[in-house]
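Asks: Structure provided below as structure tokens; questions to follow.
What follows is calculated from the coordinates using simple rules that are stated; it is not laboratory data. In this text the structure is predicted, and so the values were computed from the model without any measurement. Cβ: placed from backbone, ideal geometry, glycine included. Neighbour counts: every protein chain shown.
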Amino acid sequence: MSPVAEPQSHALEAMGLGFRVGGATILSDIDLAVPAGGFLGIIGPNGAGKTTLLNLLSGLLAPTSGSIRLEGRDVAHVAPSARAGLGLGRTFQTSSLFNALSVFENARLSALARLGGSGHFWRRPRSRDEASQVAIEVLADVGLSSLADRPTGLLSHGDKRKLELAILLAARARILLLDEPMAGVNTEDVPLLMELIGRLHGEGRTVVMVEHHMAVVVGLAETIAVLDSGRVLATGDPESVIANDDVQRAYLGQPL
Ligand SMILES: Nc1ncnc2c1ncn2[C@@H]1O[C@H](COP(=O)(O)OP(=O)(O)O)[C@@H](O)[C@H]1O
Ligand SMILES: [Mg+2]
């Protein structure tokens, strides 16, 4: 998190990032730096701006001030698809899967989007075979092989979350932005999903995770940033952030 480190050492960096809309300031002066292979947890009360921050980082929204660097490149105004091509992958607070398609098809489409991007028709049949192989591989990786043929809409919340991670793996994402991956997941499925996210990180991926479930954030994140009213209230290792007086005050009356 050192501000003087060379840009190449950061997978993702936000500097002076701000977002205003219709006269309202949603985010201001956001400075964050995630080293390659790091794990940043983002916590904060509802409405703090956590999802908006992920929207800026992934490119769904353009910042009104500041910059975003992805592995040293300025991407603040680069489209989400181009950021995905640079290795950035994102999941949503509410699941964004094709519910009518099978689990396998959801994973395959993600691989195909990456492999078939050239537009050369003669490469397509090969891409289709390759995409199927990738889908088989990533479903095995997240433990969903036995559900491959099931319509996605019939999956449990926990299995949908696993499939969302498989989709990022099929897209070959190296930097994962996860928006509340435990939302809607049964308590008994939380440890399994936590283990999976920890493993994906352990394999060298960089993770930025917004999550309400404090045990999950503290268990996985190396650094925690606390957002409150659109600002970074505190950043640091999990223990010091939780002990921080400002953080305690911001969460007063809410379970931490
Ligand atoms: N595009 C937008 N236009 C207007 N208001 C927005 C927009 N996006 C987010 N907001 C507002 O910004 C604040 C932060 O929202 P959000 O990022 O979803 O918070 P969180 O994810 O921390 O709960 C909320 O008050 C929300 O209503
Ligand atoms: Mg949110």
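Asks: In the chain, what percentage of the DSSP-assigned beta bridges are antiparallel, given to the nearest 5?
Replies: 55
Asks: At what distance in nm do the modelled label points of Asp74 and Ala36 sit from each other, each positioned 7 Å from its Cα along Cα→Cβ?
Replies: Spacing of the two 7 Å Cα→Cβ label points: 2.2 nm.
Asks: Which whole-number percent gives the relative contact order of the chain, counting Cα pairs below 8 Å spaced six or more residues apart?
Replies: Numbers: 478 pairs, mean separation 64.9, N = 256.
Taking the mean separation of contacting Cα pairs over the length of the chain, I get 25 percent.
Asks: Which order, highest average first, do 37-49, 185-197 follow once you tally other Cβ atoms within 10 Å for each residue and take the mean per peptide?
Replies: Highest-to-lowest ranking by the protection proxy: 37-49, 185-197.
Asks: What is the gain in length, in nm to one decimal, between Asp246 and Leu86 on full extension, counting 0.36 nm per residue of separation less the C-alpha to C-alpha distance?
Replies: 54.0 nm
Asks: Then there is this: Kirkwood Rh over alpha-carbon pairs of the range 94-173, then Stokes-Einstein at 37 °C and 0.692 mPa s: what D in µm² s⁻¹, rounded to an integer?
Replies: For these conditions, the coefficient is 265 µm²/s.
Asks: List, in order, the whole-Hz ³J(HN,Hα) value for each residue of the range 34-46 obtained from phi through the Karplus relation with A = 6.51, B = -1.76, C = 1.60 and θ = phi - 60°; use x for Gly and Pro.
Replies: In residue order, the calculated couplings are 10, x, 4, x, x, 9, 9, x, 10, 10, x, x, 4 Hz.
Asks: Another question about this same structure. Kirkwood hydrodynamic radius, the chain, all distinct C-alpha pairs: what's the number in Å?
Replies: 18.9
Asks: Here's a follow-up. Can you give the helix-only mean residue ellipticity at 222 nm for the chain, where every DSSP H stretch with n ≥ 4 adds -39500 (n - 2.57) and the sum goes over all residues, rounded to the nearest 500 deg cm²/dmol?
Replies: Helices in the chain give a 222 nm mean residue ellipticity of -11000 deg cm²/dmol.
Asks: A further question on this structure: Treat each spin label as a single point 7 Å out from the Cα along the C-beta direction, and report the Ser9 to Glu222 distance in nm.
Replies: 1.1
Asks: R0 = 30 Å: FRET efficiency of His212 with Glu137, Cβ-based, nearest 0.05?
Replies: Efficiency computed from Cβ-Cβ geometry: 0.45.
Asks: Sticking with the crude label model, points 7 Å out along Cα→Cβ, report the distance from Asn186 to Thr64 in nm, one decimal please.
Replies: So the label points at Asn186 and Thr64 sit 4.5 nm apart.
Asks: Roughly speaking, what is the centre-to-centre gap between the range 142-159 and the range 50-115 when only Cα atoms are used, to the nearest Å?
Replies: 22
Asks: Over the range 94-173, what is the relative contact order in whole percent, taking alpha-carbon pairs under 8 Å and six or more residues apart?
Replies: Answer for the range 94-173 is 47 percent.
Asks: Between beta-carbons, use under 15 Å as the cut-off and find the net charge around Phe104, counting Lys and Arg +1, Asp and Glu -1.
Replies: Local charge sum for Phe104: -3.
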